[in-house]
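Here's the structure, in structure tokens; my notes come after.
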Amino acid sequence: MQVKTFTDESLPKALFKAKQELGNDIVIIESKEIRNYSGNPGVRMVEVTVGHNPKKKIKKWIPPRVDENGADMSEKPKPKKSFSEIAAAYGRPAAPQPQARPAKKQTEAKADNNSFDSMISDILNRKPKELDKEKVILDEIASLRAEIKQLSEKTEKKNAPAPGPKVDKIAAPASLYNEYPEPYASIQEQLRESGVQDDLAYALVNQAFLLNEGRRDVSKKQVRAQIEKELRAMMQTYNFKSRNRRSKQRVVLLLGPTGAGKSTAAMKLAAHPGMFGNKKTTILSTDPYGPSEALKAFARMHETDVYEEKDIDQTATILEKYKKSDVIIVDTPGKSPFAPNQLEKWEQYIKILKPTDIFLVMSVGADLKDLVLLCANYLLVKPTGIIFTKFDETTQPGKVFSILDVISLPVVAFGDGKRIFVDTREGKPEYMFNKIFGAQTEEA
């Protein structure tokens, strides 16, 4: 395997460099933040180490055998005679030939160029027998293929030829892509620029246009209110208040790829008063290198205990050790969900810990298609909510709605930076509305 290191201002930019040089078939080995980078001293940079295993088949060349005159002396294999031909040569009747057996049905579909199909096929192939109860979830993931394919084709619409001229008929804008009168057109452009995929933005604006019966005498505020109503229905907020009323101990398992911000999310969940800030909370770090310096500093300034549990999958008495805690947040080490046997590792955690909640932690700084693929793979462990982090590292926060349009999970929280007590918000739609449209203003 070829291992290389790339450095840039953010993880997505560093990964972009890696993919440009090594291709898409890379595996993230480690990512870390550095501050005294020689190329840009004093500025925070991200260094990511990736692995790449190029597969090239090299055919060994064998020189032909020739005689003194240069004639080819290579022996060509003689075709083998059938039993009937040999029997006929000796004057014996040929034995009856057995009937050909029907060909076995092909059980594995031929891999295509779609990375999501290949990933799902790989999951199905290495799925252990004891996970037959997860067949329903796997079928649901497989049903997402068509929608994922549509997501990958959305950006191609931007390069489509321009539509015909505008017409004043009421029904015309509904049939012409991106041809709406004001204020619909400007709202649609806001959605697209914020990262909402073209077809979703079109559907939202078209719905508002039809509700208003094509009238143009509506204000931008009215159109925005109608679209916000549709977006609100797409986003389900995780209800901490009702779940915190239960007397049972809460065990929260955080899952996510490398660099998604799981440790920061664990601290924010423990500190926020609307989440677990008013509970006796313990954070268990399962990182093989021990708790990060940030977790240690958080333990010193906050009433949250931080412990190290490297072999949590081998400790049957783990819950007994921390039975006095109201909430246990398990910070799992960052690893690609596509890594071999990773599903079995998660299931071992679930078997030992019996978590009441499984939260996915996803960085919105990543590519939309990658995010959807990651979420689809994590659906195998039945997550109960999703946390979106690193809004400070993207200019397209609207991709959250494109993800929720395909994968319906309650939104637990939003992370907008590394400040534990400041840069965190509950998973409510108003946060996203401000990100996309800005603060609500009165129109003249």
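Counted by neighbouring Cβ atoms within 10 Å, the residues Val372, Val400 run from fewest to most as Val372, Val400.
Quote the FRET efficiency, to the nearest 0.05, computed for Arg215 versus Thr356 with a Förster distance R0 of 56 Å and r equal to the Cβ-Cβ distance. Let's see the in-between values first.
Working: r = 49 Å, r/R0 = 0.88.
It comes to 0.70.
Net length available on complete extension from Val27 to Arg419 is 138.2 nm, with 0.36 nm assigned per residue and the Cα-Cα distance removed.
You can think of it this way: the chain between Asp370 and Phe16 has 126.2 nm of extra reach, that is 0.36 nm per residue less the Cα-Cα gap. The chymotrypsin sites (Phe, Trp or Tyr not before Pro) of the range 205-300 that meet both conditions, a loop assignment by DSSP and at most 11 other Cβ atoms within 10 Å of the site Cβ, are Tyr289.
When each pair of different Cα atoms in the range 274-412 is counted once in the 1/r mean, what is the Kirkwood radius in angstroms, to one decimal?
Details: mean 1/r = 0.0604 Å⁻¹.
Hydrodynamic radius (Kirkwood, Cα only) of the range 274-412 equals 16.6 Å.
The modelled label-to-label distance for the pair Ser336/Ser242, using points 7 Å beyond Cα in the direction of Cβ, is 3.9 nm. In this simple spin-label model, placing a label point 7 Å from the Cα along the Cα-to-Cβ direction at both Glu47 and Arg35 gives a separation of 1.5 nm.
One Cα centroid belongs to the range 260-276, the other to the range 408-440; the line between them spans 13 Å.
Considering Cα pairs under 8 angstrom that are at least six residues apart, work out the relative contact order of the range 305-379 and quote it in whole percent. Working shown, then result.
On the way: 21 pairs, mean separation 28.0, N = 75.
It comes to 37 percent, rounded to a whole number.
Normalised by the number of residues in the range 2-52, the mean separation of alpha-carbon contacts (under 8 Å, six or more apart) gives a relative contact order of 49 percent.
Of the chymotrypsin sites (Phe, Trp or Tyr not before Pro) in the range 388-444, which ones lie in a loop per DSSP and count no more than 16 other C-beta atoms within 10 Å? Could you put the intermediate results ahead of the total?
Details: sites: Phe388, Phe391, Phe401, Phe414, Phe421, Tyr431, Phe433, Phe437; in loops: Phe421.
Loop-located and lightly packed - Phe421.
What GluC sites (Glu not before Pro) in the range 171-269 are in a loop by DSSP, with at most 13 other Cβ atoms within 10 Å of the Cβ? Each step should come with its number before you reach the end.
On the way: sites: Glu179, Glu189, Glu193, Glu213, Glu228, Glu230; in loops: Glu179, Glu213.
Passing sites in the range 171-269 are Glu213.
Taking other Cβ within 10 Å of each residue's Cβ, how do Met301, Met45 sort, fewest first? Please list the in-between numbers first.
On the way: Met301 10, Met45 19.
Ascending number of Cβ neighbours within 10 Å: Met301, Met45.
Arranged from fewest to most other beta-carbon atoms within 10 Å of their beta carbon, Val46, Val252 become Val46, Val252.
Once the chain from Lys4 to Thr317 is taken as fully extended at 0.36 nm per residue, the excess over their C-alpha distance is 108.6 nm. Each residue, Gln207 and Ala225, gets one label point 7 Å from its Cα in the Cβ direction; the gap between the two is 1.7 nm.
Readers should treat all values here as calculations from the given coordinates under stated rules, not as data from a laboratory. None of the values given here were measured: they were computed from a predicted structure. No Cβ is skipped: glycine too gets one built from the backbone with ideal geometry, and neighbour counts run over all protein chains shown.
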